[in-house]
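Colleague: Structure provided below as structure tokens; questions to follow.
The values are calculated or read from the model by the stated rules, or taken from the named source; none is laboratory data. Predicted model, so just to flag it, every value in this text is computed and none were measured. So basically every Cβ, Gly included, is an ideal-geometry build from the backbone, and we count neighbours across all protein chains shown.
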Amino acid sequence: MINFTPSTSSDTDTSKLSYGVLVEHEQDGRFSAVVLGLSDCKSSGKTENEALENLQQLLQKRLQNSKIVALEIDFPQTDNPWMKVAGMYKDNPLFDEVLAEIEAERRKVDAEMEEYYRQIDVESEVK
């Protein structure tokens, strides 16, 4: 995971950036290192340490005349059609009664479906 947020080191008061790096041992015996999320920021070396050192130098050079800023955007608002009617009957005195009828109907339909599937199972056992 890439952490673009500067964090203050406990040893000194300089800020440091932390990046996730993918290090791979290539078929030719060399090592490659790529900053996750910055695919154009990669290096290689004879050893893992050399690949990481090369990558660190590349990042330092790249960031020398750059800065990292946090960019916040508003979450896009979508018009959910259900939100216009959600909760419209919450204060209706018959609401609990309607819910009870819905639950009773669901239990009835569930029982009918259970019976239907039982009949299918019995018929398939007979064949």
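To keep it simple, each residue is scored yes or no on (1) outside any helix (DSSP H, G or I); (2) at pLDDT below 90; (3) among the basic types (Lys, Arg).
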| position | (1), (2), (3) |
| --- | --- |
| Leu58 | no, no, no |
| Asn65 | yes, yes, no |
| Ala70 | yes, yes, no |
| Trp82 | no, yes, no |
| Arg106 | no, no, yes |
| Val109 | no, no, no |
| Met113 | no, no, no |
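Colleague: Oh, and also: Filter segment 16-56 down to the residues that are among the aromatic types (Phe, Trp, Tyr) and assigned to a strand (DSSP E or B) and list them by number.
Modeller: Phe31
Colleague: Identify, please: which residue in segment 10-24 is of a type outside the set (Ser, Thr, Tyr), within 31 Å of the chain's Cα centre (by Cα) and modelled with pLDDT under 90 and is, among those, surrounded by the fewest Cβ atoms within 10 Å (Cβ to Cβ)?
Modeller: Per the stated criteria, the residue is Lys16.
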